[in-house]
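*Asks:* Mind looking over this structure? Questions follow.
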Amino acid sequence: MRALRRIWLLTVTAISSIPQRLGTSAVIVISITAVTGVLVAMLALGQGLRELARADVRADQAVVLSAEAESAVQSSLPKTILSSISDKPGIKRGSRGEPEIFGAAFMYMDVVSRESRRSPVSFYFVTPGFWDIDSGARIVEGRNVRPGLRELVVSDVIRRRFRRMNVGDQVRIRGTSWQIVGVFDSKSLQDWVIGDADTMLAAFPRSTFNTVNVIVESPAAFATFKQAVINDPTLAATVMTQAESNDAVLRPQRELFDFISYVLGGLMGLGAACGALACLYASVDARTREIGTLRAIGFGNVSVVISVLAEGMLLAIPAALLGAGIDWYLFNGHVVVAQEITFPMAVTGRLALISVLWSLGIALIGGILPSIRAGRLPIAVALKAS
Amino acid sequence: MKFIPLVWAAIRRKPSRSVLVFAQVIVAFALFGALQGVTSGVNRAIAAARADRLYVASKLDQRGALPISMLESLKTIPGVRDVAFRYQFYSTYQRPEQGVPICATDPDSFLTVYGPARVDPASAQSAMRQVQDGAIVGLGTMRKYGWRVGQRVTLQSKLKRMDGSGNWTFEIVGTWGSPRQSGPQPELLIANYDYVNQSLPEGPGRDTFKFAVLRIDDPAHAAQVKEMIDSKFENSPNETLTQSEKDQAEVNLRRLGDLNTVAHRIVGATFFVLLFATGALMMQSIRERTPEIGVLKTLGFSDRRVMTLILVETLVLYLAGAAIGLWLGVLLLPVARESIGNISVPSSVFALGFACAVALALAGGGVAAWRGLRLRVADALANR
C-alpha cells in the first residue's frame, strides 16, 4: 500500500511539472494522437465492412450456392433449382404451406453519379418470396415492384448518390427500360437497386440465380436442410448460413483493409515510440535534480521507474482517445465506396480500445529505457546536476 | 569543408538523441516510400498497360462463360491479329491458403498473344502438345513452392472432375516469365484446355471459356474493334463486354478507392508529427549547447555561420535518414504486391522524398537555428 502511495506521489510530481516541459510532452501527445488517428481511421473501413456483414442477418436464413463457388458473387444456379430446393426438409412454411424461399441474381451496372462519374451499382433481382420474409428491407416511399413488370425500387443511398434515380425515373438496362416505383430502407442492402427476378430472367438472355435463400424452421433445422442439399447430386450446390455467406463476400476486402491498417499503424507507432523515447529521456534529464532529491529523501528506485512509465502512459491514454475521437467526429458513418462496395465507416468502442492499447504499447516501449535510467541515477551525481 | 568535424561533434554530443531523431526520420520516410511507391506504381502500371490487347467476356453472367465456338467468329473481326482464350479456375496446393490460379488454354495462341514471354526450356511449348496433362508454370509459383521442371503436382480445386474429385494433377514441362510488367499474373499455371475440358463432367460448364484475349493491329482502332465485337453479339445469348487491358488495369487498380487522397493524408500526418518532434528535440539540443554556441561566437564565428552549422546538422540527419527510409519503404513493397499486383517504383518518388527531407529539415531546424543566430555572446556564455 505504501509503495503504491509512493508511486502515486511521484507520478503526481512528474505530471505537475509537465507545464515546465510543455514542448516535449506535447510531442508525445501529438505523435500518439496522429498514430492512433491514422490507425483508427483505417480500421474504421474494416469495421464498417464487419458491421455491414452483420446488419440484418437472420440466424434462420440459409443461402444455397453452386458447389464450387467461394462466395455468392461466383455462384450460379439454374433457375429451375428453386422448385427442387422447395421440397427439401427443414424449410419453414407459411400458413398456406408455401415454403419461405426466394431466388436472387445480382448484376453490376455503371450508372452516372451526381458528380458525372460512372460508377458501378449493384442490381439485386429477387423472386416475390423475398418480400414475404422479414429481410429488414421495407418500402419507405412509393410502392413495391409488381411481378412481371419492369419496375425497380432503389435505396435511399442510391437515390442521393446518383442522378435520375428518383421515383418515376426510367433506368435503361441493356436496351430495355425499367421504371423506378419506390424507395426502400435497409441496413444490409443500402447500396442496391431491387427488381423482380422472374422479369429480369425473361428480359435478358440469362437463366441463372446467384443464390437461393430459404428460411429454415429453426436454427437447428439448418443442418438437416444443408445435408439434404449437399447429398442431392442433381443440385451440385452447397449451403451457408446468411452470416457465413455475407462474410465470404466481404472477407477478402476486410482482411486487406485490416492488414493495411496494422502495417501503417505499426510503422507509425514505431516512429512515435522513438519520439516518446527521446522525449521521456529529455524529461528525465530535466528532472535529474528533482529525482535525486526524491531518491535522497527515501523514495525507492522502483517507484521512480514506475512513475516515469506512468507519466508516459498518462500522456498516451488521452492522446489515443483524442485520436479516436477526432476520427469518430470526422469519419463515423461517413459513406465510402471502396472495391465496389458502398458502406459507412464505423468508429466503435472496440476501435477506441485498440487505439488505447496501441498507445500504451508505444508509451511502454518509449518509457522503459528512460525510466531505468532515472531509477539508476546515482544520488550524488543527480543532486549536483545543473 | 573544415566545419565537418564541428557538425559531427554536434551530432555525437548526445548520441542517443541523434539516434532517435534519425530513427524517426527513417520510419517516416519508409512510410512515405511505401505509400508513394504504391500510388505512383499503380499510376504507372495503368499507363503501361497495353491498349492493343482486348479482353472479351460475357456481359451477363458474373462467372462469364462463353461457348468455345465463339472464337471462330472473333477471328473474323477486321483488325484482330491473334485470338487466345482463357478458362480459369482457382486451386490450392497442399494447404488451403496456398493458392494457384490455373488457366486452361491453347498454349501456343496464349503465348503469342502475351508475347514476348520467356519459356524455359524452349522446347516446353512443343512438349505441351505431346504431354496431355502438361503445364507451364509461372516463375512466381515455381519459386513459392519450390517446384522443379519434370515434377508432377496435384492441386485441389472446387471445380470437380467427371469422377467427382477436385484433384487435378499436372506434369510441369516448363516455366514462363514475362519480362513486361503488364500481362497475366506471374503465378499463373498454364494447362492444356483439351485436357481440362475433357475431364469436366457433362453439363453447361463444358466447351466454354471465361474470356478471350485479342491482339489487334493498331491500338488506335481499339474503340472501333470493341464496338464491332459487342454489337455483333448484342441480343444473342452470349452478349459480350469488351475492354482493353488499359481499361481493365484502371478498373482493377482503382478499386482500392481513392488511393492518392488516403496516401497524401497519411504522409501529411506523419510529416507533421516528424516536424514537430524533431523541431522540439533540436530546440532542446540548442538550449543545452547554449554556452558552446557562445564559445563559437567568441572565437569569431558569425551569427550566420552558427545558424548554418545548426541547419547543416539537421540536414545531415534528415538526408541520411530519408535515404535509408526510402530504401526500406521500397523493400516493403513486395508485401503489397500480393494484393495490388506487380508494381515498380518510379525514380520521381525518390526525388520527391529528398525534396521533402530538405524542406522538413529547414523548417524543423530553422526555429532552433534562429535561436542560435539571435543568441548574444555574453548571455550564451552565462547560459542565460
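All of the numbers you see were taken from the coordinates with simple rules; none came from a lab. Since the model is a prediction, treat every value here as computed from it, not as a measurement. Here Cβ is always computed from backbone atoms with ideal geometry, including for glycine, and neighbour counts include all displayed protein chains.
*Asks:* Over the range B:1-102, what lengths in whole Å, largest first, do the semi-axes of the equivalent ellipsoid take, defined as the square roots of 5 times the eigenvalues of the alpha-carbon gyration tensor?
*Replies:* 57, 21, 11
*Asks:* Please give the per residue volume of the convex hull enclosing the alpha carbon atoms of the range A:187-344, rounded to a whole number of Å³.
*Replies:* 228 Å³
*Asks:* Put a dot 7 Å past each Cα toward the Cβ at A:VAL140 and B:VAL131; how far apart are the dots in nm?
*Replies:* Label-label distance for B:VAL131 and A:VAL140, simple model: 6.1 nm.
*Asks:* Stretch B:ILE324-B:ARG44 to full length: gain in nm at 0.36 nm per residue minus the Cα-Cα span?
*Replies:* Taking B:ILE324 through B:ARG44 to full extension adds about 98.4 nm, to one decimal.
*Asks:* Rg(Cα) of chain B divided by 2.2 N^0.38 Å?
*Replies:* Rounded to two decimals, the normalised Rg is 1.43.
*Asks:* With springs connecting C-alpha atoms under 10 Å apart, model chain B as a Gaussian network and identify which of B:VAL173, B:VAL56, B:VAL19 has the largest mean-square fluctuation.
*Replies:* B:VAL19
*Asks:* Taking amide H positions as placed in the peptide plane 1.01 Å from N, state which residues far from B:GLY138 in sequence (5 or more) or on other chains have amide H under 5 Å from it.
*Replies:* B:TRP176, B:LEU188, B:LEU189, B:ILE190
*Asks:* Is the C-alpha gyration tensor of the range A:261-348 telling us rounded, prolate or oblate? Criteria: a/c under 1.5 is rounded; beyond that, a/b larger than b/c is prolate, otherwise oblate.
*Replies:* prolate
*Asks:* Using only Cα atoms, find the angle between the long axis of helix A:301-331 and the longest principal axis of chain A, and express it within 0 to 90 degrees, rounded to the nearest 10.
*Replies:* 30 degrees
*Asks:* Ok, one more. Using a Förster distance of 35 angstrom, determine the FRET efficiency expected from the C-beta separation of B:ARG287 and A:PHE259, and round it to 0.05.
*Replies:* My answer for the efficiency is 0.25.
*Asks:* Still on this structure: Put a dot 7 Å past each Cα toward the Cβ at A:ILE368 and B:GLN198; how far apart are the dots in nm?
*Replies:* About 6.4 nm, to one decimal.
*Asks:* What do you get for the angle between helix A:349-376 and the principal long axis of chain A? Use alpha-carbon atoms, 0 to 90 degrees, nearest ten.
*Replies:* Rounded to the nearest ten degrees, it is 20.
*Asks:* Would you mind getting me the FRET efficiency between A:ILE15 and B:GLU97? Use the beta-carbon distance for r and R0 = 41 Å, nearest 0.05.
*Replies:* Calculated value: 0.25.
*Asks:* Tell me, what is the Rg over Rh of chain A, with Rh the Kirkwood radius over Cα pairs?
*Replies:* That ratio is 1.20, to two decimals.
*Asks:* Hey, another quick one. Once you've got the GNM for chain A with C-alpha springs shorter than 10 Å, pick whichever of A:GLY90, A:GLY48, A:GLY323 has the biggest mean-square fluctuation.
*Replies:* Highest fluctuation of the listed residues: A:GLY90.
*Asks:* May I pose another question? Which aspartates and glutamates have a Cα lying under 15 Å from the Cα of B:LYS144, excluding residues fewer than 8 positions away in the same chain?
*Replies:* Output for B:LYS144: B:GLU97, B:GLU187, B:GLU338.
*Asks:* For the range B:192-309, what is the convex hull volume of the alpha-carbon atoms per residue, in Å³?
*Replies:* Hull volume over Cα atoms, normalised by residue count, gives 297 Å³.
*Asks:* Hey, any idea what the orientation-averaged projected area of the convex hull of the protein assembly as shown's Cα atoms comes to, in nm²?
*Replies:* Across all orientations, the protein assembly as shown yields a mean hull projection of 42.0 nm².
*Asks:* Now for a separate question. Can you tell me the relative contact order of chain A? Whole percent, Cα pairs under 8 Å, sequence separation 6 or more.
*Replies:* 29 percent.
*Asks:* What is the set of long-range amide H partners of A:SER66 at a cut-off below 5 Å, with H atoms built 1.01 Å from backbone N?
*Replies:* A:SER76, A:THR238
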